[in-house]
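Before any comments, here is the structure.
The values are calculated or read from the model by the stated rules, or taken from the named source; none is laboratory data. Predicted, not measured: the structure shown is a model, and the values here were computed from it. Ideal geometry is used to build each Cβ from the backbone, glycine not excepted, and the neighbour counts take in all protein chains shown.
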Amino acid sequence: MKILNNQEIENLRPEILIALRLFDYFCSAEGYLLQVTWTTGGKHGKRSLHPKRRAFDALPLAKAGAYIIAACRQILGPDYDIVEEKGHIHVEWDPK
Ligand SMILES: [Zn+2]
């Protein structure tokens, strides 16, 4: 895993940290380097969960990205949102 923009990952809530580790595991298994762009830093929307330590962003993954996202969605379940946005993947812990 590569952390960009001097972001902290250890200050994330444990619920999202485990999602980050899961993503990293699948990326490694598929031969990708997970590149985290933002955790609590960066510019996000008003109601963003980033400042609440419950989200992270990563650079898009190439070919195996769809498989990795599908696997993480299935394992993490409905309390997590994994959104493919323009230029990045956003993952947040957001229990309904
Ligand atoms: Zn985000």
Task: Criterion violated by D24 - all others in (1) over 12 Å from the mean Cα position of the chain (by Cα); (2) more than 12 Å from the ligand (Cβ to nearest atom); (3) modelled with pLDDT of 95 or more satisfied - done: (1)
TODO: Keeping to region 39-67, report how many residues are in contact with an Asp or Glu (Cβ under 6 Å, 6 or more places away or on another chain) and either more than 18 Å from M1 (Cα to Cα) or away from the ligand (no atom under 14 Å from the Cβ) (or both).
DONE: 3
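Report yes if E84 is within 16 Å of the ligand (Cβ to nearest atom) and acidic (D, E), otherwise no. Talk me through it step by step, then tell me what you get.
Details: within 16 Å of the ligand (Cβ to nearest atom): yes; acidic (D, E): yes.
Spelling it out, E84 is indeed within 16 Å of the ligand (Cβ to nearest atom) and acidic (D, E).
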- [ ] Would you check which residues across region 3-24 are surrounded by fewer than 16 Cβ atoms within 10 Å (Cβ to Cβ) and either touching a Leu at 6+ places or on another chain (Cβ under 6 Å) or within 14 Å of A71 (Cβ to Cβ) (or both) and list them?
- [x] R21
Open item on the list: Just to be sure before I move on: is E8 more than 19 Å from V83 (Cα to Cα) and among the acidic types (D, E) in the structure I sent?
Closed with: yes
Open item on the list: Suppose the filter is under 9 Å from the mean Cα position of the chain (by Cα), within 15 Å of the ligand (Cβ to nearest atom) and of a type outside the set (D, E); does H90 pass it?
Closed with: yes
Open item on the list: Looking at region 33-44, I want the residues that are farther than 9 Å from A58 by Cβ and have a partner that is in a strand (DSSP E or B) and more than 10 Å from the ligand (Cβ to nearest atom) with Cβ atoms under 8 Å, at least 6 apart or on another chain. Which pairs are those?
Closed with: L33/K2
Open item on the list: Testing E30 on (1) in contact with a strand residue (DSSP E or B) (Cβ under 8 Å, 6 or more places away or on another chain); (2) surrounded by 15 or more Cβ atoms within 10 Å (Cβ to Cβ); (3) touching a residue at least 24 places away in the same chain (Cβ under 8 Å), one condition comes back false. Which one is that?
Closed with: (1)
Open item on the list: Where the second residue is of a type in the set (A, V, I, L, M) and modelled with pLDDT of 95 or more and the first is closer than 17 Å to I16 by Cα and lies in region 54-67, which pairs have Cβ atoms under 6 Å and are six or more apart or on separate chains?
Closed with: R54/I16; A55/L49; F56/L20; F56/V36; F56/V91; A58/L34; A58/V36; A58/I89
